[in-house]
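Heads up: the structure comes next, in structure tokens.
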Number of protein chains: 2
Amino acid sequence: MSASEDPTAAEQEHRFERKVPAGDDRTRLVCRDCGFVNYENPKIVVGSVATWQDRILLCRRAIEPRRGFWTLPAGYLELHEEAAAGARREAWEEARARLEIDQLLAVYSIPRISQIQLIYRAGLITPEVAAGPETLELDLFTWDAIPWDQLAFPSVHWALKDHRAVRGQAVFAPRGNPPGEDGGRSHP
Amino acid sequence: MSASEDPTAAEQEHRFERKVPAGDDRTRLVCRDCGFVNYENPKIVVGSVATWQDRILLCRRAIEPRRGFWTLPAGYLELHEEAAAGARREAWEEARARLEIDQLLAVYSIPRISQIQLIYRAGLITPEVAAGPETLELDLFTWDAIPWDQLAFPSVHWALKDHRAVRGQAVFAPRGNPPGEDGGRSHP
């Protein structure tokens with residue numbers, strides 16, 4: 001679960017300027033030389049709260065931002081990828097975990113960084129997990145053992161608490177941001 | 001609800017070539033001149049099945065693709081926008097409709113065009129609606145009056161049928177693509 005990509009990074013390229021293209025009603029990044037419009041769009045993060053029995057899979061980040069802090073297996077959806085398939089891929093890449101996805105746990109909006117997070121409730125098909133290249137270490141945590149003060153992002157807190165809130169419910173509406181929370185702070 | 005944006009359009013700009021940047025594991029669009037990596041990401045469409053009593057709001061498209069065909073109020077999420085706020089904005093822009101969003105009806109993945117659609121179940125706050133600039137005309141349809149053979153996209157069908165399927169359910173899990181359907185055809 002990463003908050004690193006800055007949607008305005010392309011501005012640092014001198015070829016682009018911000019202007020309203022003909023027929024549009026918003027400012028876009030337009031190449032000064034060739035007129036190419038680099039549309040910027042919100043990004044989709046897909047991830048999971050994945051459990052084995054009553055224990056939750058968390059990974060300690062080997063990459064910035066928030067290197068060394070604990071997170072859920074999650075990352076950016078790739079082109080031509082279905083949402084749930086992306087959540088399974090991220091669990092494999094970060095934790096060598098194989099998921100059986102149950103249902104959509106939450107949709108979080110992080111408008112400051114133009115991010116929409118789709119977090120699934122999932123079970124591990126086997127408890128065998130191992131750190132992938134973006135993970136320093138990982139573990140399966142009981143609720144009381146979760147390292148609350150070392151979680152990487154506000155939305156990791158949200159997802160863990162939302163997972164707890166719907167415990168035992170076979171059918172539920174996906175959760176959203178906690179009231180008044182926009183994920184804009186680096187740590188809750 | 002648009003399927004028009006082609007994620008490979010940037011390839012037509014001669015400045016870009018497809019290569020794997022250092023430290024990455026996938027092919028990206030990289031500028032031949034300056035090395036700028038134009039990361040391509042899936043796009044998020046937000047929309048709604050919005051009703052007044054038992055009638056559903058549909059809009060006839062004034063723009064390509066599928067000009068003249070009927071669609072739900074929906075469009076691309078903008079930067080720095082929350083998902084539900086985007087669905088409300090699109091309903092206003094296309095139909096001058098004011099929504100009270102109930103809950104997430106469906107998450108559809110259209111991998112061919114790298115699109116994730118978040119479609120909400122919503123009520124109209126008032127039945128006063130009017131065509132916005134991207135709409136030729138609009139109407140509130142009873143189920144039997146829906147112009148099934150003139151719907152713009154497969155996912156419009158899906159959303160209408162999913163809305164019907166959860167009728168009367170106060171709480172439900174969001175629906176997904178119909179089994180075996182990837183939205184890849186231009187019309188069902």
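The values are calculated or read from the model by the stated rules, or taken from the named source; none is laboratory data. Note that the structure is predicted; figures quoted are calculated from it, not measured. Because the Cβ atoms are built from the backbone with ideal geometry, glycine has one as well, and the counts that use them run over all protein chains shown. SASA here: full protein model, heavy atoms, side chains in, ligands and nucleic acids out. Shrake-Rupley method; radii C 1.70, N 1.55, O 1.52, S 1.80 Å.
Per residue of B:33-46, count partner chain C-beta atoms within 10 Å of its C-beta, then hand back the mean as an integer.
Rounded to a whole number, the mean comes out at 5.
Along the charge dipole of segment A:12-137, pointing to its positive end and built from +1/-1 on Cβ of Lys, Arg, Asp and Glu, which listed residue (A:ALA87, A:LEU118, A:VAL37) has its Cα farthest out?
The residue sitting most towards the positive pole is A:VAL37.
Solvent-accessible area per residue for chain B at a 1.4 Å probe radius, Å²?
Normalised by residue count, the accessible surface of chain B is 45 Å².
Please calculate the 1.4 Å probe accessible area of B:HIS80, with all protein chains present, and give it to the nearest 10 Å².
100 Å²
List the distances, in nm to one decimal, from the label point of A:TRP143 to the label points of the same position in every other copy, shortest first, placing each label point 7 Å from Cα along the Cα-to-Cβ direction.
Those separations, rounded to one decimal, come out as 4.0 nm.
Averaged over peptide A:171-181, how many Cβ atoms belonging to another chain are found within 10 Å of each residue's Cβ?
Per-residue shielding by partner chains comes out at 3.
What is the percent carbon and sulfur in the accessible area of the protein assembly as shown, measuring with a 1.4 Å probe over the protein chains and ignoring ligands?
46 percent
Can you divide the C-alpha Rg of segment A:55-188 by 2.2 N^0.38 Å and report the result to two decimal places?
Here the answer is 0.99, to two decimals.
Using a 1.4 angstrom probe on the protein heavy atoms only, line up A:ARG89, B:ARG18 by accessible area, largest first.
Greatest to least solvent exposure: B:ARG18, A:ARG89.
Residue separation times 0.36 nm, minus the C-alpha to C-alpha distance between B:TRP143 and B:ALA165: what's the value?
Using 0.36 nm per residue and subtracting the Cα-Cα distance, I get 6.7 nm.
For a quick protection proxy, order the peptides A:63-73, B:107-117 by their average other-Cβ count within 10 Å, most packed first.
B:107-117, A:63-73
What percent does the relative contact order of chain B come to when contacts are Cα pairs within less than 8 Å and at least six residues apart?
Once divided by the residue count of chain B, the mean separation gives 23 percent.
About its Cα centre, how strong a charge dipole does segment A:24-118 have in debye, to the nearest 20, once Lys and Arg get +1 and Asp and Glu get -1 at the Cβ?
My answer is approximately 440 debye.
Within segment A:4-133, what percent of beta bridges assigned by DSSP are antiparallel, to the nearest 5?
The antiparallel fraction comes to roughly 70 percent.
By how many degrees, between 0 and 90 and to the nearest 10, does the Cα long axis of helix A:83-95 differ from the longest principal axis of chain A?
70 degrees
Averaged over B:66-78, how many beta carbons belonging to a partner chain fall within 10 Å of each residue's beta carbon?
The mean count of partner-chain Cβ atoms within 10 Å per residue comes to 1.
Cα extents of the protein assembly as shown along the three principal axes, largest first, in whole Å?
Largest first, the protein assembly as shown extends 57, 56, 38 Å along its Cα principal axes.
In a Debye calculation with equal point scatterers on the alpha-carbon sites of segment B:20-115 and no solvent, what is log10 I(q)/I(0) at q = 0.17 Å⁻¹?
Values returned for q = 0.17 Å⁻¹ are -0.85.
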